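Undergrad: Here it is, the structure, as structure tokens.
What follows is calculated from the coordinates using simple rules that are stated; it is not laboratory data. Quantities reported herein were computed from a predicted structural model and do not represent experimental measurements. Note that each Cβ is placed from the backbone with ideal geometry, even for glycine, and that neighbours are counted across all protein chains shown.
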Amino acid sequence: MRIQGDCAVPVARPRHRTEGKMCKVMLRVVVAVVGLIAIPASLQPASSAPVHATSAATAGADNSLAAWNELVDRYFDEFYMFNPTQGTSAGFHQYDAHLEDYSGAAVQREIAAMHEWETRVEAFDPKGLDETNAADRELLLSNIRSLLLSLETIRSWEKNPDTYSSGVTQSVFNIMSRKFAPTDDRLRSVIAREEQMPAVFAAARENLRNPPRIYTEIAIEQIPGIVGFFQKDVPSAFADATDAMAKEEFSKANAAVIAALESYGKWLKSDLLPRSHGEFRIGAATFSKKLLYDEMVDTPLDRLLEIDRANMKQNQDEFKRVAHDLDPASTTEQVLAELEADHPTPDHVMQAFRDTFDELIAFIRQKHIITIPSDVRPIVEETPPFARAITTASMDTPGPYEKVAKEAFFNVTLPGPHDTPEEIEGRMQDFNVGTIISTAVHEAYPGHYIQFLWVPQAPTKIRKLLGASTDVEGWAHYCEQMMLDEGYGQPGTGAKNERESKLIRLGQLQDALLRNARFVVGIEMHRGNMTFDQAVQFFEKEGYQTHQIGTIETKRGTSDPTYLYYTLGKLEILKLRADMQKKEGAAFSLEKFHDDFMRQGFPPIKIVRKAMLGDDSPVL
């Protein structure tokens, strides 16, 4: 979690993987959004009406709930035609054999289609809808506008080479990682996708124009792990296949992908890197638009910085207080070093996370924190190789419409085989005794995994498939503090003794300071007030992070500009909770508040506030 930016629940605003974090169409890693050259007959909607949206003039006057639901279905039909990998992730397996068309012409087709959909959704009169579906209309409009901002203004398809290499990897990973169909059937889908992949790298060579150097460097850093994934992990995942012809076809297709990736890596180093002089900063105006479309937040950036810096100061002061209580003879820096040195060895990290589950679950139930809809637990495993560069831990959950393979994976990034001793220690310091608890709370109980378990109760299709990071990540980050405030981490409840209890609180505060630092770095770096090196230093000095983590976090911030959504969402939820307590008085129940929050799905907090409070009061 620290860099668990790619962690998520089963829903989230669809977006380019390299732009955000988000986490999948839920928050897994999300691939680039680009279009198909042609729509296969097998993917055509059942309706005989044209696929593309009509103009406002021809949209018709039927603004009933039934008409709205039909419009929503048709939107997602077309969206997943452009984005079949996300269709697979969502649990719609009619898209499994198809791959995104990454060509510039396909991008232009998607842009045109999304402009048509913006017109049609905007023309739909919400007066015929109930409050939930009227809010969904605003959520869908924001989603479309965010997508257009990504394609037309931010333009990662022209700037980020990792969009292509990690994108195709995700396309295979989400078929091999879950056994939603027999092995031979899934292998055939992988073959179909792999046969289209060499064209992806041809499109990359055509599309990429003067990318930022840091983007090319990250893509180069990722390539060896991705090649290894196709050399080892993919064949291993289908070792029990029995269809001899399919196995032979896979061997050829997979070899071609490996060759294409190796050629791409060489091209990145020899050709693209020397001419990578582009700008990663998106600028203040685009930043504000992205925040508005993604999170429905229109607060001026300077005001947001004031709010975050005040919260950062509170967290720093509390860290210093707890550090002094722990060891009055040591400086804050010395206590921080002691905290970071108290970590398991790499071969025990995953078990350390598993060991937290029993006590977390027992505490949640004993203290009536939130209803846990299932006793099934997430599976702890290593992070996929294509996600290692920008995440240390994440939650990978099945899509909301997956009906067979419902496993959820708690991914942990262990040191790599080529890491130096210094790099290994820097990464392991991020898994100290305090942050292991904080990460387990964030990713699993009662964070992202609990969010996933609540997905079936989301009220609409839109609420299952679209969401806001301030809700998804804000909730998980809020839980880190809330659980300790409610008493978890005391001796006998998550901690062996008083010293460990204080270290757990310091770990939570260190994680909070990491998110505070993301908040500042995201805004200041992208509006040109902070250099890359200054951002790394800010993470170290003000965010209390190691140099290793500060560097990784800054890399992520170059392509995930609005990763302030952790702290922003947490503060919005805390204000909503305080307002609900004020409204309900002695009748307020924390468990009911959390359950009601989950029932809304994952829209921006602005929508949740209106549903729970019944007014349009400010989110901050």
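Undergrad: Give the separation of the Cα centroids, the range 89-105 to the range 234-292, in Å.
TA: If we compute the Cα centre of each part, the gap is 15 Å.
Undergrad: Which percent, nearest 5, of DSSP beta bridges in the chain are antiparallel?
TA: Approximately 45 percent, going by the DSSP bridge assignments.
Undergrad: Something else about it: Take the alpha-carbon centre of the range 300-340, take the same for the range 449-490, and report the distance between them in whole Å.
TA: For the range 300-340 versus the range 449-490, the Cα centre distance is 25 Å.
Undergrad: Right, here's the next one. State the dimensionless ratio Rg/Rh of the range 472-520 (Rg: radius of gyration of Cα atoms; Rh: Kirkwood radius).
TA: We get a ratio of 1.03 for the range 472-520.
Undergrad: Moving to a separate point now. Placing unit charges on C-beta atoms (Lys and Arg positive, Asp and Glu negative, everything else neutral), compute the dipole magnitude of the chain about its Cα centre in debye, rounded to 20.
TA: Dipole about the Cα centre, nearest 20: 740 debye.
Undergrad: What percent does the relative contact order of the range 392-530 come to when contacts are Cα pairs within less than 8 Å and at least six residues apart?
TA: Result for the range 392-530 is 23 percent.
Undergrad: What is the spin-label model distance, in nm, from residue 498 to residue 303 if the labels are put 7 Å beyond Cα along the C-beta direction?
TA: Once both label points are built, they end up 4.5 nm from each other.
Undergrad: Say each of residue 324 and residue 130 gets a label point 7 Å from the Cα, pointing the same way as Cα to Cβ; how far apart are those two points in nm?
TA: 5.4
Undergrad: To continue, here is another question. Summing -39500 (n - 2.57) over the DSSP H runs of n ≥ 4 in the chain and dividing by its residue number, what mean residue ellipticity at 222 nm do you reach, to the nearest 500 deg cm²/dmol?
TA: -18000 deg cm²/dmol
Undergrad: Label points 7 Å out from Cα along the Cβ direction at residue 534 and residue 210: separation in nm?
TA: 2.3
Undergrad: Can you give the relative contact order of the chain as a percent, counting alpha carbon pairs under 8 Å and 6+ residues apart?
TA: Result for the chain is 19 percent.
Undergrad: If you don't mind, there's one more thing I want to ask. What percent of all Cα-Cα pairs in the chain falls into each 20 Å bin, going from 0 up to the bin containing the maximum distance?
TA: Bin by bin from 0 Å, the calculated values are 20, 57, 22, 1.
Undergrad: Let me ask another. Over the range 302-413, what per residue volume does the convex hull of the Cα atoms give, in whole Å³?
TA: Value for the range 302-413: 218 Å³ per residue.
Undergrad: Take the Cβ-Cβ distance between residue 345 and residue 248 as r, set R0 to 45 Å, and report the resulting FRET efficiency rounded to the nearest 0.05.
TA: The pair residue 345/residue 248 has a calculated efficiency of 0.60.
Undergrad: Could I ask something else about it? Using the Karplus curve 6.51 cos²θ - 1.76 cosθ + 1.60 with θ = phi - 60°, what ³J(HN,Hα) values do you get for each residue of the range 363-373, in whole Hz, with x for Gly and Pro?
TA: 5, 4, 6, 5, 8, 6, 7, 6, 6, 9, x
Undergrad: Counting residues in the range 69-139 as N, plug N into 2.2 N^0.38 Å and put the Cα Rg over that result.
TA: 1.27
Undergrad: Say R0 is 22 Å: what FRET efficiency, to the nearest 0.05, do residue 616 and residue 314 get from their beta-carbon distance?
TA: 0.20
Undergrad: While we're on this one: Ranked by Cβ crowding within 10 angstrom, fewest neighbours first, how are 564, 149 ordered?
TA: Final ranking by Cβ density, sparse to dense: 149, 564.
Undergrad: Just subtract the alpha-carbon distance of residue 358 and residue 592 from 0.36 nm times their residue separation and send over the number in nm, one decimal.
TA: My answer for the length gained is 82.0 nm.
Undergrad: If you take the beta carbon distance between residue 67 and residue 152 as r and set R0 to 22 Å, what does 1/(1 + (r/R0)^6) give as a FRET efficiency, to the nearest 0.05?
TA: 0.15
Undergrad: A further question on this structure: Compute the Cα gyration tensor for the range 122-196, then decide on rounded, prolate or oblate, letting a ≥ b ≥ c be the square roots of its eigenvalues: rounded whenever a/c is under 1.5, prolate when a/b is larger than b/c in the other cases, and oblate in all that remain.
TA: Verdict is oblate for the range 122-196.
Undergrad: Please compute, over every Cα-Cα pair in the range 206-347, the percentage with a separation greater than 24 angstrom.
TA: Looking at the range 206-347, the distances longer than 24 Å represent 68 percent of pairs.
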